[in-house]
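Report on the following structure.
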Amino acid sequence: MKITFPHMGNLWISAKVLLEGLGLEVVVPPPCTKKTLSLGVLHAPEFICLPLKINLGNYMEAAEKGADTIIIAGGRGPCRFGYYCRLEKEILDDLGYEFRMIVLEPPENNFLEVIQNIRALSKCSMFQMINAVRTAWFKCCAVDEVEKKVQIVRAWESCPGLADKIYREALKNIDKAQTIKEIFFAKLNVLEAFNDVPVEPEREVIRLALVGEIYTILEPFANQNIERHLGKLGAEVKRSIYLSSWVNDHLLGSILPMESTKEACRMSSPYLNYFVGGHGKETVGSAVKFSREGFDGIIQIAPLTCGPEIVAESILSKVSFSEKIPVMTIYMDEQSGEAGLITRLEAFVDMIRRKKLSQKTATRK
């Protein structure tokens with residue numbers, strides 16, 4: 001059995017070490033590219049959301065490397081993600097691929113159920129499984145810490161591209177690390193390297209928050225590398241969702257003392273009091289949370305036709321007015337272009353800077 005999985009940001013680093021720790025042969029799909037998307041678009045329904053199209057491409061490229069088994073999460077509620085596994089299996093079967101599909105359904109915050117699902121994948125010992133889970137978790141947290149750091153340093157660096165170079169090297173080193181100690185030192189070394197990056201302390205930096213659907217937030221190819229573009233424009237970035245916090249909230253029952261999306265869900269009231277599927281409620285609550293934390297603007301990112309995020313978008317205008325914070329929504333699909341995105345980001349950042357300047361001028365008077 002050669003097992004593969006869909007790309008979603010840097011999830012592959014944790015997924016790879018977890019599955020290999022269980023004694024499974026892992027085929028990591030090639031990084032998402034235009035070829036990946038073209039393969040998915042060719043065979044997926046036209047109006048299905050962008051993540052499914054990219055996922056299909058991931059599987060086809062993994063098949064070329066010998067993969068014969070797919071592991072994918074399940075879902076529930078008014079979001080099409082819960083149907084991905086069934087639809088993708090039918091499409092792949094029609095194309096002649098003989099994939100076995102393993103679906104990990106949401107465990108209702110029951111960690112024992114998570115353990116049982118993982119152990120069902122291989123006949124490993126309990127010690128092997130615990131060690132694999134621990135290593136995967138520490139890599140997940142290390143990657144998130146590195147991502148949070150680069151999202152800040154990009155906005156201040158005086159040598160454009162240096163932060164991204166350190167970031168790419170950091171991911172390689174974390175991926176290579178075999179023990180908890182090696183992961184710790186790989187993370188420590190890169191954080192020290194970021195501290196040595198030459199910066200321009202006089203630069204007028206703004207703080208922007210990214211909210212929206214988890215895949216388009218975490219996968220750089222899906223969002224046209226929006227974080228990197230914002231960094232070049234002098235904006236620090238913070239996401240509403242990081243992989244480690246999502247795992248803690250949805251798989252571990254929030255047992256670890258770390259930033260949680262559940263706080264955002266609570267803060268969505270009175271704007272949105274009901275679950276609308278996907279990350280719709282978190283999107284609204286996170287916008288409220290970031291506005292009260294002093295962020296200068298909010299960007300919502302979502303796949304085109306995403307129902308939960310369309311509901312959230314209709315409410316964000318009210319949040320923008322009541323909380324006095326600029327909000328911009330960007331929908332992504334296969335027609336999205338980098339040039340158009342950069343133009344919109346430049347206009348949004350310029351608007352925020354002009355707003356801040358006018359506020360300073362009014363205060364002086």
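Structure values in brief
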{"item": "Extreme residue, nearest to Leu251 (Cα to Cα), among residues of segment 54-87 that are out of contact with any Phe, Trp or Tyr (no Cβ under 7 Å at 6 or more places or on another chain) and among the acidic types (Asp, Glu)", "result": "Glu61"}
{"item": "Sole exception among (1) over 18 Å from Lys149 (Cβ atoms); (2) surrounded by fewer than 19 Cβ atoms within 10 Å (Cβ to Cβ) for Thr216, by number", "result": "(2)"}
{"item": "The listed residue being out of contact with any Asp or Glu (no Cβ under 7 Å at 6 or more places or on another chain), under 18 Å from Gly9 (Cα atoms) and among the basic types (Lys, Arg), out of Arg134, Arg168, Arg119", "result": "Arg168"}
{"item": "Within segment 29-47, considering residues that are assigned to a loop (DSSP other than H, G, I, E, B) and surrounded by 20 or more Cβ atoms within 10 Å (Cβ to Cβ), the one nearest to the chain's Cα centre (by Cα)", "result": "Cys32"}
{"item": "Trp156, sole failed condition from (1) free of Cβ contacts under 8 Å to residues at least 12 places away in the same chain; (2) surrounded by 15 or more Cβ atoms within 10 Å (Cβ to Cβ)", "result": "(1)"}
{"item": "The listed residue being part of a loop (DSSP other than H, G, I, E, B) and more than 20 Å from the chain's Cα centre (by Cα), out of Ile325, Ile315", "result": "Ile325"}
{"item": "Any hit, segment 82-101, residues being in contact with a Leu (Cβ under 8 Å, 6 or more places away or on another chain), touching a residue at least 60 places away in the same chain (Cβ under 8 Å) and either aromatic (Phe, Trp, Tyr) or in the same structural domain as Cys32 (by TED's automatic domain parsing) (or both)", "result": "no"}
{"item": "Unmet criterion (only one of (1) farther than 21 Å from Gln224 by Cα; (2) touching a Pro at 6+ places or on another chain (Cβ under 6 Å)) for Met258", "result": "(2)"}
{"item": "Near pairs, Cβ below 7 angstrom, 6+ apart or cross-chain, from segment 1-16 (in contact (Cβ under 8 Å) with a residue 24 or more places away in the chain) to any residue that is among the basic types (Lys, Arg)", "result": "Ile13/Lys139; Ser14/Lys139"}
{"item": "Test: residue in segment 63-73 that is farther than 26 Å from Leu304 by Cα and in a helix (DSSP H, G or I)", "result": "yes"}
{"item": "Unique match (being surrounded by 21 or more Cβ atoms within 10 Å (Cβ to Cβ) and in a helix (DSSP H, G or I)) among Lys139, Lys172, Lys148, Lys165", "result": "Lys139"}
{"item": "Output for segment 169-216, where each listed residue is in contact with a strand residue (DSSP E or B) (Cβ under 7 Å, 6 or more places away or on another chain) and within 26 Å of Lys355 (Cα to Cα)", "result": "Val199, Val205, Ile206, Arg207, Leu208, Ala209, Leu210, Val211, Gly212"}
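The values are calculated or read from the model by the stated rules, or taken from the named source; none is laboratory data. All figures in this text were calculated on a predicted structure; none of them were measured in a lab. All Cβ positions, even for glycine, are placed from backbone atoms using ideal geometry, and neighbour counts span all protein chains on display.
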